[in-house]
């Protein structure tokens, strides 16, 4: 007799997803392999997702909804599932970020998470917990969906120029990442500025930080260290953070000049040059 792993659908969003997938599949009289054939994947993958050994993707969820006629059930669940894959300490921030009307962020080391390409994000996340890489990457890409909303948060990003020169993932990855940033040059809801190295000392020297502003909630200040994140709505902290951000905006290059600098770094440091044949 084949042993069927029992799941507690109340244990986590991922457990509920797996339990519901099995329930819906069996209700349609399909074996795992049969459903796999319909949605162009293996029966093994269906089994791994049903038993929470594999985290589903949004594409998988949409194909399951289409195959089983579940009226978008799994497409709705996947956002909750992927958010649950974020580090526990980061989840409260991700929830607040998705609710924010305005986001103001200064990034000293890396491209802001909402603007990272998939391959750049993969390279960044691989330095932490490579055994959870796929689920963490899927969760980060899911966060970025807020930029596709009809009315996304107005996002102001200041990148330290050092971010442009740090070759995360190698030259090819960086070229495509900088090219991705340039796509936002005329974006209605996004403003990207670069803080040039020539600016010298500035209020952001202590590290990256983000200010979230809401229509129906006090502003939130967020920063993180190597091990965890920290949020506060303390009015004095918010006041000081806004002042520091204003100073950073004043020292940063205007949006058009920032785009020109990004393009110049992309060309000078990461240009797609043909490989020369080695001299015999």
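The values are calculated or read from the model by the stated rules, or taken from the named source; none is laboratory data. Given the structure is predicted, the values throughout are model-derived calculations rather than measurements. Counting neighbours? That spans all protein chains shown, and the Cβs are built from the backbone with ideal geometry, glycine included.
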task: Scan 75, 135 and give me the residue that is crowded, with 19+ Cβ neighbours inside 10 Å and touching a residue at least 12 places away in the same chain (Cβ under 8 Å).
output: 135
- prompt: So is residue 201 free of Cβ contacts under 8 Å to residues at least 60 places away in the same chain, out of contact with any strand residue (DSSP E or B) (no Cβ under 9 Å at 6 or more places or on another chain) and either outside the structural domain of residue 261 (by TED's automatic domain parsing) or closer than 21 Å to residue 252 by Cβ (or both) or not?
  reply: yes
- prompt: Within the stretch 118-129, is there a residue that is modelled with pLDDT under 90 and farther than 19 Å from residue 177 by Cα?
  reply: yes
task: Being touching a strand residue (DSSP E or B) at 6+ places or on another chain (Cβ under 7 Å), at pLDDT 95 or above and within 20 Å of residue 114 (Cα to Cα) narrows it down to one of 213, 166, so name that one.
output: 213
statement: Within the stretch 42-64, the count of residues that are assigned to a loop (DSSP other than H, G, I, E, B) and within 25 Å of the chain's Cα centre (by Cα) comes to 6
- prompt: Out of (1) buried (at least 18 other Cβ atoms within 10 Å of the Cβ); (2) not assigned by TED's automatic domain parsing to the domain that holds residue 205, the odd one out for residue 115 is which?
  reply: (2)
- request: Answer yes or no as to whether residue 191 is surrounded by fewer than 21 Cβ atoms within 10 Å (Cβ to Cβ) and over 28 Å from residue 101 (Cα atoms).
  value: no
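I'm trying to understand the selection: among the residues of the stretch 95-109, which are surrounded by 20 or more Cβ atoms within 10 Å (Cβ to Cβ) and either part of a loop (DSSP other than H, G, I, E, B) or outside the structural domain of residue 223 (by TED's automatic domain parsing) (or both)?
The answer is 100, and nothing else.
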